[in-house]
Amino acid sequence: MTTTDARTVVAPVRARTATGTATVRRRQGFQHGGWFVAPFLVLFALFVVWPLLRGVHLSFTDANISGDATHFIGLDNYREAFDDPLVWESLGHSAYFTLLVVPCITVLAFLLAMLAHHIERVTWLWRLCFFAPFLLPSTVAANLWQWLFNPGTGMVNHVFGIETAWLNDKSYAMLAVVICTLWWTVGFSFLLYLAALQGIPAHLYEAAELDGANAWHRTVRITLPMLRHITGLVLALQVLASLQVFDQAVVMTDFLPGPEGSTRTFVQYTLEEGFTSYRVGYASAISVIFFVIIAAVALARMWLLRNREEGGR
């Protein structure tokens with residue numbers, strides 16, 4: 001009886017001691033790790049959190065870039081933004097660009113990854129050719145395609161035997177920006193797909209081939225299901241990036257909103273109001289609205305992914 005009581009008393013003591021030791025270790029780990037994280041937190045607060053809070057504050061004022069005294073005007077900037085037709089027009093251009101780019105770049109990246117994955121000769125050269133454009137700065141890619149779309153000296157019209165002023169025609173200006181973006185950014189999604197393809201076990205294909213499955217069946221039944229998570233990631237990243245399109249649209253149209261404003265994106269209109277019209281308060285309100293839209297898209301993607309994972313269980 002005495003031995004049993006002793007064991008009963010010693011067990012909780014050991015448990016408390018182990019818990020206390022683990023707590024001390026976690027505190028020590030946090031203290032040491034905190035010094036490594038501190039520089040990032042300082043820079044993040046200085047260049048992300050503070051500008052965000054400052055922008056929200058300015059959106060409730062009539063601040064301008066000239067430095068005149070600012071006054072609190074409440075929700076006037078937001079009311080004006082919702083009644084501004086150029087806000088909705090530029091948002092529509094960004095959404096139209098996104099609808100064109102995201103499906104095309106996802107399918108194209110997958111096909112290029114499949115091609116590079118199955119090519120057996122000079123594999124490195126194919127992978128380099130597909131990924132190299134992504135390494136170029138946005139201004140270089142935009143200037144290159146601006147020259148290619150030039151109706152007089154560009155190669156696009158000469159190769160296809162057409163006569164179209166791509167960047168001077170409102171019907172084709174945004175399409176030209178889309179083509180430039182596909183060529184320039186497909187390399188990133190291509191790399192994600194290629195890495196995912198290399199991670200699929202080879203024995204799955206071997207077993208399917210022994211069962212008589214052809215290449216199409218192996219792709220549909222094995223490859224695509226195994227890539228569903230990376231496809232979701234590519235779609236999410238491309239949607240967020242495409243909604244924020246700015247560089248190539250501005251550079252290709254010589255820093256103008258394109259013919260009849262056909263390439264004016266939401267980000268470009270925000271900068272026009274802030275640095276051309278000098279209305280910093282109004283531009284801040286527009287940027288806050290855009291931030292809410294981007295955050296809503298990101299949260300929607302997380303919600304869909306979580307529901308899909310729970311449904312798969």
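The values are calculated or read from the model by the stated rules, or taken from the named source; none is laboratory data. Note that the coordinates shown come from a computational prediction; the quantities given were computed from them, not determined experimentally. In this analysis, Cβ positions are derived from the backbone assuming ideal geometry, glycine residues included, and neighbour counts consider all displayed protein chains. Just so you know, the surface numbers come from the protein's heavy atoms only, side chains and all, with ligands and any DNA or RNA stripped out. Shrake-Rupley method; radii C 1.70, N 1.55, O 1.52, S 1.80 Å.
Details
- Across segment 187-224, the qualifying residues are those that are under 30 Å from the mean Cα position of the chain (by Cα) and exposed (fewer than 11 other Cβ atoms within 10 Å of the Cβ), and the one among them that is farthest from residue 125 (Cα to Cα) is 201.
- Condition broken by residue 282, with the remaining ones in (1) aromatic (Phe, Trp, Tyr); (2) open to solvent by 30 Å² or more (accessible area, probe 1.4 Å); (3) over 17 Å from the mean Cα position of the chain (by Cα) satisfied: (2)
- Helices (runs of 4 or more DSSP H) wholly inside segment 51-146 containing at least 3 residues that are surrounded by 14 or more Cβ atoms within 10 Å (Cβ to Cβ), polar (S, T, N, Q) and in contact (Cβ under 8 Å) with a residue 40 or more places away in the chain: 85-118
- Pick from segment 151-186, criterion modelled with pLDDT under 85, of a type in the set (Gly, Ala, Ser) and open to solvent by 40 Å² or more (accessible area, probe 1.4 Å), ranking: nearest to residue 135 (Cα to Cα): 152
- Residue 288 falls short on exactly one of the conditions (1) of a type outside the set (D, E, K, R); (2) assigned by the TED database to the domain that holds residue 150; (3) surrounded by 16 or more Cβ atoms within 10 Å (Cβ to Cβ), and that condition is (2).
- Looking across segment 245-268, not a single residue is in a loop (DSSP other than H, G, I, E, B), over 17 Å from residue 172 (Cβ atoms) and open to solvent by less than 20 Å² (accessible area, probe 1.4 Å).
- A single member of 18, 45, 38, 22 is among the small types (Gly, Ala, Ser), part of a helix (DSSP H, G or I) and either touching a Pro at 6+ places or on another chain (Cβ under 9 Å) or at pLDDT 90 or above (or both), and it is 45.
- Any chance residue 272 is in a helix (DSSP H, G or I), in contact with a helix residue (DSSP H, G or I) (Cβ under 9 Å, 6 or more places away or on another chain) and either free of Cβ contacts under 8 Å to residues at least 12 places away in the same chain or not assigned by the TED database to the domain that holds residue 166 (or both): no
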